[in-house]
Amino acid sequence: MTLNILFLTIKIKKRKMSTTEINQYEMIKQIEEENRNRQASLIRMF
C-alpha cells in the first residue's frame, strides 16, 4: 500500500517472519496461556 501526501511517500509492507521468530512467538503465547490458567485457578480457590 502506498500513500502520497504532499510529495511524501509512505510504503507499508507486510513483515515476513522467519521460522525462529515464529517458534519464539508460539512459545510466548503458550507461556502466556499457562500463566492465565494458573491465575484463573488461584482466583477460583478464593
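Every read-out reported here was derived from the displayed coordinates using simple, explicitly stated rules and does not represent laboratory data. The structure presented is a predicted model; accordingly, all values stated were derived computationally and were not measured.
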Query raised in the report: Taking the chain on its own, what percent of its Cα-Cα pair distances exceed 13 Å?
Result: 71 percent
**Report entry** Helix 19-45 axis, angle to the chain major axis (alpha carbon atoms, nearest 10°)
**Finding:** 40 degrees
